[in-house]
Amino acid sequence: MNFTDLFIAPFAEFEFMRRALVGIFALALGAGPVGAFLMLRRMSLTGDAMAHAILPGAAIGFLVSGLDLFAMTFGGLAAGLFVAVGAGVVARATELKEDASLAAFYLISLALGVMILSVKGSNVDLLHVLFGTVLGLDDPTLYLVAGIATFTLVTLAVIWRPLVLECVDPAFLSSVSRAGAPSHIAFLALVVLNLVGGFHALGTLLAVGLMMLPAATARFWVRDLTPLVCLATAIAFVSGFAGLLISYHVGAPSGPAIILVAGGAYVVSVLFGPAGGVIARRFPQRHFEA
Amino acid sequence: MNSAGPIMTGNSLSPQLRFRDLTLGYERHPAVHHLDGSVEEGALLAICGPNGAGKSTLMRGIIGQLRPLAGAIERGGLDPRDIAYLPQGAQVDRSFPISVYDMVAMGLWRRSGLFGGIGRTDRTAIAEAIAAVGLQGFETRPIGTLSGGQMQRTLFARLLLQNARLILLDEPFTALDAKTVSDLLDLVRRWHGEKRTVLAVLHDFDLVRTHFPQTLLLARSAIAWGPTAEALAPENLLKARRMGEAWGGDEPCEVAA
């Protein structure tokens, strides 16, 4: 097997592989930066919870009109936003902390979603929603994913400064600008939007993987914000590419393969990453003079 | 309220801030009580008092974060956002991957806003601010690697760029070494020379006596307000301490009711 057979031929020969690659690239463009900010705002688990929360919405969409792109997207969006707002309200109106109320909401959502799906559909449908069908992306789905990526990048460009400043020094931001709260809400909407985009390709369980794993991996290599965002996106790209090839050559399911590649990169980075990895901390380099 | 509330004598200096029977507090519990008086433009005023005297509360009232329970603060036509405020032990997330340069550059927010670019003059200004606080060579360092003193210098550089008419510093020199304090005091004097109004909450009376011409001694109400030597006289300090010890109680205030 030469280079071409390994890396090029699968995409040259099969259209579904090309579609999958485009889909994953579009997904990575949006999910990379959003994941980086989720991590920096210490909301990694929020992302996870939201991903699960999308399930019952998508399931109800499925219940109403089968495997229909619009119905399932709309259902997922509605459910995601409902849980985001609901968890926030419960946290503010009661003594429960936000992480606990998010956990409660997403456990209920997950159970509800699986229940709805198995009442109406088959196990195949359940697997479709949970793990996605990156190898079966049709035109409308590709447009949707690419549209979400475009919208995400434009919105991030608009809210970049307040978003950064609200992470670093919220007191200062509120003293110079009122953009803090609106940009936070816009960011939450982007999270839900990207998870909904990701769920068509990777399913609700794995959509958050392409968001969080590259961001967490990149944190072990760079210490500045812009490189962090770029590196996270690049790692998401490469994970998608490598995961598709692995699934093609060994016949593994593609969604999990992609996430496992990203997971492998994470494990390697935890050990060898120069910015706070295990080995870098255990064996520090010789220090500078000053 | 003996020497509180200097009387306006028709001099040319206009008041930058005027407190009219100001009461500030949290959930009806006043922290600053019936404060009257004005701060002239270009004043360099120290605010002293025991813990819980309402010093930080007064700062939050001035920037408009806290609405008065009673009375009013007049800002002399100053936009609340034209006020630079350095909170006590500024709550900065030091683990966030941002460089000293970017942190300082945020001081330009009022000019550049959400989208405005940072041009050549701005870059010069940022470089000057970083040099003024003695952090040359630290531009690309992540803020997580700075010492406490270097972090405070960074925040002062950001204050420099904010170019505000009114500057509020809440315990800016706490837990800093003598060298850092003296460097940062130079900046405060520079602001004073530029006719900016500076209010600083301080606990070090020696430092206040040396560098601050005017002092407000606060223990919920104003104990004394005027030239530092008079305001920090022993009998006033004793009174402030007694007030500080006597706090507590839920009965509604007669004057406020």
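What follows draws every value from the coordinates through simple rules; no lab data is involved. Bear in mind the structure is a predicted one, so any value in this text is a computation, not a measurement. Note that each Cβ is placed from the backbone with ideal geometry, even for glycine, and that neighbours are counted across all protein chains shown.
Points to keep in mind about this one:
- Taking other C-beta atoms within 10 Å as the exposure proxy, B:85, A:266, B:26 rank B:26, A:266, B:85 from fewest upward.
- For the protein assembly as shown, the share of DSSP beta bridges that are antiparallel, to the nearest 5, is 55%.
- FRET efficiency for residue B:136 and residue B:175, using Cβ-Cβ distance with R0 set to 22 Å, rounded to 0.05: 0.40
- Residues in segment A:25-68 that a label on residue A:125 would reach, taking backbone N under 14 Å of a point 7 Å out along Cα→Cβ: A:56-68
- Calculated SAXS-style log₁₀ I(q)/I(0) at q = 0.08, 0.15, 0.19 Å⁻¹ - segment A:1-148, Debye, Cα scatterers: -0.29, -0.88, -1.20
- Net +/- balance of residues flanking residue A:273 in space, Cβ distance below 14 Å, scoring K and R +1, D and E -1: +4
- For segment A:230-290, projected area of the alpha-carbon convex hull averaged over all directions, nm²: 5.5
- Cβ crowding within 10 Å, taken as a proxy for footprinting-reagent exposure, orders A:54, B:62, A:108 from fewest neighbours to most as A:108, B:62, A:54.
- Set the Cα radius of gyration of segment A:90-164 against 2.2 N^0.38 Å, with N its number of residues, and you get 1.59.
- Nitroxide proxy distance, nm - points 7 Å out along Cα→Cβ at residue A:181 and residue A:13: 5.9
- Here the calculated FRET efficiency for residue B:79 and residue A:139, from their Cβ-Cβ distance with R0 = 45 Å, stands at 0.30, rounded to the nearest 0.05.
- Over segment B:46-87, the ratio between the Cα radius of gyration and 2.2 N^0.38 Å evaluates to 1.21.
- Trypsin sites (Lys or Arg not before Pro) within segment B:24-76: DSSP coil, no more than 11 neighbouring Cβ in 10 Å: B:28
- Histogrammed with a bin width of 10 Å, the alpha carbon distances of the protein assembly as shown distribute as 3, 15, 21, 20, 16, 12, 8, 3, 1, 0 percent, first bin at zero.
- Of the Cα atoms belonging to chain B, the radius of gyration and Dmax stand at 19.0, 59 Å.
- Net charge over other residues, Cβ less than 14 angstrom from the Cβ of residue B:234 (K, R count +1; D, E count -1): +2
- Modelled spin labels at residue B:128 and residue B:111, positioned 7 Å past Cα toward Cβ, are 0.9 nm from each other.
- Quick note on segment A:3-282: its Rg to Rh ratio, both from C-alpha atoms and Rh being the Kirkwood radius, is 0.98.
- For the peptide A:28-39, the mean number of other protein chain Cβ atoms found within 10 angstrom of a residue's Cβ is 0.
- Theoretical FRET efficiency, 1/(1+(r/R0)^6), r = Cβ-Cβ of residue B:238 and residue A:108, R0 60 Å, to 0.05: 0.45
- Looking at chain B alone, DSSP beta bridges between its own residues are antiparallel in about 55 percent of cases.
- Computed from the Kirkwood radius of its Cα pairs, the Stokes-Einstein diffusion coefficient for segment B:87-154 at 20 °C and 1.002 mPa s stands at 170 µm²/s.
- Distance from the C-alpha centroid of segment B:52-98 to that of segment A:88-164: 39 Å, rounded to the whole angstrom.
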